[in-house]
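Each value in this text was obtained by applying a stated rule to the coordinates, not by laboratory testing. If you're wondering where the values come from, they're calculated on a predicted model, not measured in any experiment. No Cβ is skipped: glycine too gets one built from the backbone with ideal geometry, and neighbour counts run over all protein chains shown.
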Amino acid sequence: MDLFYLNTLNNLPLMKKTSALIAYLMFFATTLVMAQTEELPINPDTKKIYYSEVEKPTDNIDKGSIYDRAFSWAQNNKYRITQMDKANGIMTCEGSFPVSYPGPRVGMTDNGLVKFTVTVNAKDGRYKYEITNFKHEGAKGKGNGGPLESKAAECGKFVLPDGGWAKIKKDTAVKMKTVIGDLKASISPQGNAPAKEDW
């Protein structure tokens, strides 16, 4: 607990002092819990958050069909498609999802978006997905946290405190399980089996 906070606390009446202390302790505990539950995989080479697997659809479809299903998945989720290369089986899109998190004042909630890039690289009978380039943008262009790999938000702790930054990362880890599950189900509706071939 910092000196400024203690001095401020000493000048408050007892009821306000108790309420302020409880709020501070709750905020501190929330930050610790969120930091412990964060599960974002980091690529050791790029140092960026990175999800990737090679999958084999059970219906053993060809490269073009895998590409078409990945393309439809991106369109259905209203993701912005940035690369279309059916001949080589490569589709890249930019996805996003909304997040809400504690703001700089107790009881305040801020909103924003987490953006990310998905690339699907298809071959006959198998495909590889890669998800990376995670970054946070605050609502209306304010309070941008920037790359999620950063220890603290780019906009500073007085705009996006550590508790809010931790919640954004925690929510991203949870959301990615849904995104990846949906992608796999869209490409292989009957379910998928691990690919045995080397990529």
task: Would you mind pulling out the separation of the Cα centroids of region 85-103 and region 112-178, in Å?
output: 10 Å
query: In terms of Cα to Cα distance under 15 Å, which aspartates and glutamates are near enough to Lys140, apart from those fewer than 8 places away along the same chain?
result: Asp110
query: How much net charge surrounds Gly112 when only the other residues with a Cβ under 14 Å from the Cβ of Gly112 are counted, with Lys and Arg +1 and Asp and Glu -1?
result: +3
query: Hey, if you drop one equal point scatterer on each alpha-carbon of region 41-134 and run the Debye formula without solvent, what base-10 log of I(q)/I(0) do you get at q = 0.12, 0.24 Å⁻¹?
result: -0.47, -1.18
message: Suppose every Lys and Arg Cβ carries +1 and every Asp and Glu Cβ carries -1, with no other charges. What dipole size does region 38-194 come out with about its Cα centre, to the nearest 20 debye?
response: 360 debye
Under Karplus coefficients 6.51, -1.76 and 1.60, residue-wise ³J(HN,Hα) of region 106-119 in Hz, glycine/proline x: 4, x, 8, 10, 9, 10, x, 10, 10, 9, 7, 10, 10, 10
task: Please pull out the direction-averaged projected area of region 38-194, using the convex hull of its alpha-carbon atoms, in nm² to one decimal place.
output: 9.6 nm²
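Taking a threshold of 19 Å on the Cα-Cα distance, which of the pairs Lys48/Lys157; Lys115/Lys169; Lys78/Lys115; Lys135/Lys184; Lys123/Lys175; Lys128/Lys170 fall above it?
Working: Lys48/Lys157 22 Å; Lys115/Lys169 12 Å; Lys78/Lys115 13 Å; Lys135/Lys184 23 Å; Lys123/Lys175 27 Å; Lys128/Lys170 25 Å.
Beyond 19 Å: Lys48/Lys157; Lys135/Lys184; Lys123/Lys175; Lys128/Lys170.
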